[in-house]
Amino acid sequence: MRGHSAGEFATVYRFMTEGLGLRGSDLLVYARVFSFCQEDTGAYFESAESCAEFLNMSERQVRRSLGSLLSRDLIAEADCPAQCARGRAFVLRREAVRDAIQLVERGADADKLSARAPGGGQFVRDSGHPGHDGGQNVRPYIDRKDD
């Protein structure tokens, strides 16, 4: 399946739960923000209403989770007037992502999670996860944009 967009899915990666210690609504909202930040814009600019609908939670909970993620310095507010003329935009704090991935990799088996090259990672075949063409990269590509 090619050409899918962040609006269609959100993926929870191991570094989000084990490395960042996220759970519940904060985890789901972070996964949603993360998926948007992997797109060409590099920013999350979805309305709280749309996110709440996608994640089946209240707008209030989405806003609360975004505030929690901001206060934990896992995301930062961005200035993206073209994409979000009527709302707020957020970007990932990529150093927090890198630190979390390194934390998880230090405790993982080498054959489960690999850090052989920057942006590298093992490709798990036949994961059965829809939209991943028969496999899933267990180490997300976070170096799309230069910091």
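Since every read-out is calculated from the coordinates, none of them should be taken as a lab result. Computed from a prediction, not measured in an experiment: that's the story for all the values here. Backbone-built Cβ (ideal geometry, glycine too); neighbour counts: all protein chains shown.
Here are some notes:
- Spans of helices (runs of 4 or more DSSP H) in region 10-101 with at least 1 residues of a type in the set (Val, Ile, Thr) and surrounded by 14 or more Cβ atoms within 10 Å (Cβ to Cβ): 24-37, 59-71
- Restricting Asp40, Asp26 to those that are free of Cβ contacts under 8 Å to residues at least 24 places away in the same chain and among the acidic types (Asp, Glu) reduces the list to Asp40.
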